[in-house]
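The values are calculated or read from the model by the stated rules, or taken from the named source; none is laboratory data. As the structure is a computational prediction, the values presented were derived from the model and not from experiment. In this analysis, Cβ positions are derived from the backbone assuming ideal geometry, glycine residues included, and neighbour counts consider all displayed protein chains. To get the accessible areas, we keep the full protein, side chains included, count just its heavy atoms, and leave off ligands, DNA and RNA. Shrake-Rupley method; radii C 1.70, N 1.55, O 1.52, S 1.80 Å.
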Amino acid sequence: MGAGGRMTEKERELLGRGGAGATFQRSPTDKPPFTLAQIKKAIPPHCFERSVIKSFSYLVHDLVIVATLLYAALVWIPTLPSVLQLGAWPLYWVVQGCVMTGVWVIAHECGHHAFSDSSLLDDIVGLVLHSWLLVPYFSWKYSHRRHHSNTGSLERDEVFVPKQKEALAWYAPYIYSNPVGRLGLLAVQLTIGWPMYLSLNTCGRPYPRFACHFDPYSPIYNDRERAQVFISDVGVLAVSLALFKLASSFGFWWVVRVYAVPLLIVNAWLVLITYLQHTHPALPHYDSTEWDWLRGALATMDRDYGILNRVFHNITDTHVAHHLFSNMPHYHAMEATKAIKPILGEYYHFDATPFAKATWREAKECIYVEPEDRKGVFWYSNKFSAP
């Protein structure tokens, strides 16, 4: 980077690879000229206030929609002619999956103690909601907390940790260098990527031994956390047994139509949202010689999902603020984001590219990271030698 973290001519050339008309100004990598306290001071104090009534109002709103859609699936769709059912079921799956993703985000807020002033209430609500979505609440709460503590660190971040070129598998050029390979990789990532991460730590931080979110003795957790990991497993198991009983009573495909397909869509949104928040040609990663918490937290991208921003409680377009102040309720995040932009200046990142186009671009451009002019600062690249 040039002085003050500004782009060199070489960087301008590199950033012109994003497609027709796409240019990105890379994030500054020098230490910011502001502190976390100065950022916080710019935010109205009420933005940090949690209202249990307001939080529950958002949750009840989402659950009423979920229940209404479920009623339509159970009562209305089966009465339609077969031809119309072919369109009604996919519509139900997509809409229900989006609304359930909003519920997922509220459960995520519980894990950040952003739902209410009571940690106990937050954990009870979060455990119930995440268990319903087959997520081990405490297990993910703790690993996600470490993601927030180490964002942008190549050694210690927890999820979507990019590899350096030499660490890629031998077949990587054959997959990433052609559209069919990239499409297949995205399909796998969006369908089974989330359960693979929970079960096998796929795309997660390397650990010295097998790491799994369902294992209380996984290296992800310390001794104080193991009992709560077990409680998380009990929650997921209880919901799994309930689903088994429903399948026994109404049939396997009934459960698939009503619950499993919307859940697959929830999982796809979760992976996609997280991927796009932390994967972009303009975002740096750091090794231990350069990383610090503030620069890592700022290596985050706000995105625009249109009307879905509201459905997802703005976790999509206020993620920079969320990484700076994760215990801030989502209903204050838009106001906080507006307040911090003048302070952050060029350290604030927003990309309005439609998410489908952005996903394809990032899958093509952001394959691995490598240092350039400054040791310890790594940027995405996609260059391979001819196979």
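Entry for the chain at q = 0.09, 0.11 Å⁻¹: log10 I(q)/I(0) = -0.56, -0.84, Debye formula applied to identical alpha-carbon scatterers, no solvent contribution. If you sort the three axes of the alpha carbon gyration tensor as a ≥ b ≥ c, you get a/c of 1.5 or more for segment 50-192 and a/b no higher than b/c, which makes it oblate.
Among 91, 308, 70, 264, the order of accessible area from largest down is 91, 264, 70, 308, computed with a 1.4 Å probe on protein heavy atoms. Partner aspartates and glutamates whose Cα lies under 17 Å from the Cα of residue 31, excluding those fewer than 8 positions away in the same chain, are identified as 287, 290, 292, 346, 373. Distance between Cα centroids, segment 329-348 to segment 120-161: provide it in whole Å. A separation of 23 Å, based on Cα centres. Within the shell of other residues whose beta carbon sits under 13 angstrom from the beta carbon of residue 34, the net charge comes to +3, with Lys and Arg scored +1 and Asp and Glu -1.
Dividing the radius of gyration of the alpha carbons in segment 224-284 by their Kirkwood radius gives 1.18 for Rg/Rh. Within straight-line reach of residue 357, meaning a Cα separation under 21 Å, sit the following lysines at least 8 residues removed in sequence or on another chain: 383.
For residue 199 and residue 237, calculate 0.36 nm times their separation in residues minus their Cα-Cα distance, and state this gained length in nm to one decimal.
Once the chain is fully extended between residue 199 and residue 237, it gains 12.3 nm.
Of 203, 212, the residue with the largest accessible area leads and the full order is 203, 212 (1.4 Å probe).
In terms of accessible area, using a 1.4 Å probe and ignoring ligands and nucleic acids, 326, 57, 27 rank largest first as 57, 326, 27. Within segment 238-387, the ratio Rg/Rh, alpha carbon atoms throughout and Rh by Kirkwood, equals 1.09. Charge tally for residue 357 (other residues, Cβ to Cβ under 13 Å; Lys, Arg +1; Asp, Glu -1): -1. Based on Cα contacts under 8 Å between residues 6+ apart, the chain shows a relative contact order of 24 percent. Per-residue surface analysis assigns residue 153 an accessible area of about 10 Å², computed on protein heavy atoms at 1.4 Å probe radius. Near residue 377, once Lys and Arg are set to +1 and Asp and Glu to -1 for all other residues with Cβ below 11 Å from its Cβ, the sum equals -2.
At a probe radius of 1.4 angstrom, the accessible area of the chain per residue rounds to 47 square angstrom. What a 1.4 Å probe finds exposed on the chain is 66% carbon and sulfur by accessible area, rounded to a whole percent. Phi angles of segment 304-309 translate, via the Karplus equation with coefficients 6.51, -1.76, 1.60 and θ = phi - 60°, into HN-Hα couplings of 10, 10, x, 4, 5, 3 Hz per residue; Gly and Pro are given as x. When you work out D = kT/(6 pi eta Rh) for segment 64-139 at 10 °C and 1.306 mPa s, using the Kirkwood radius from C-alpha pairs as Rh and the Stokes-Einstein form, the result is 115 µm²/s. Close amide H pairs (under 5 Å, H built 1.01 Å from N) link residue 164 with 369, residues at least 5 positions away or on another chain. Reducing segment 185-212 and segment 44-91 to their Cα centroids gives an inter-centroid distance of 29 Å. Over the chain, dividing the summed -39,500 (n - 2.57) contributions of all DSSP H runs of at least 4 residues by the number of residues returns a 222 nm mean residue ellipticity of -16500 deg cm²/dmol. May I ask what percent, to the nearest 5, of DSSP beta bridges between residues of the chain are antiparallel? Beta bridges within the chain, antiparallel portion: roughly 65 percent. Each residue of segment 347-363 was assigned a 3J(HN,Hα) from its phi angle through the Karplus expression (A = 6.51, B = -1.76, C = 1.60, θ = phi - 60°), giving 7, 8, 10, 9, 10, 8, 4, x, 4, 5, 5, 5, 4, 5, 4, 5, 5 Hz with x at Gly and Pro.
The phi-based Karplus calculation (6.51 cos²θ - 1.76 cosθ + 1.60; θ = phi - 60°) puts the 3J(HN,Hα) values of segment 154-162 at 5, 8, 10, 5, 9, 8, 6, 7, x Hz, whole numbers, x for Gly and Pro.
Cross-link pairs exceeding 30 Å in C-alpha to C-alpha distance, out of 41/165; 54/364; 41/364; 40/141; 141/375, comprise 41/165; 54/364; 41/364; 141/375.
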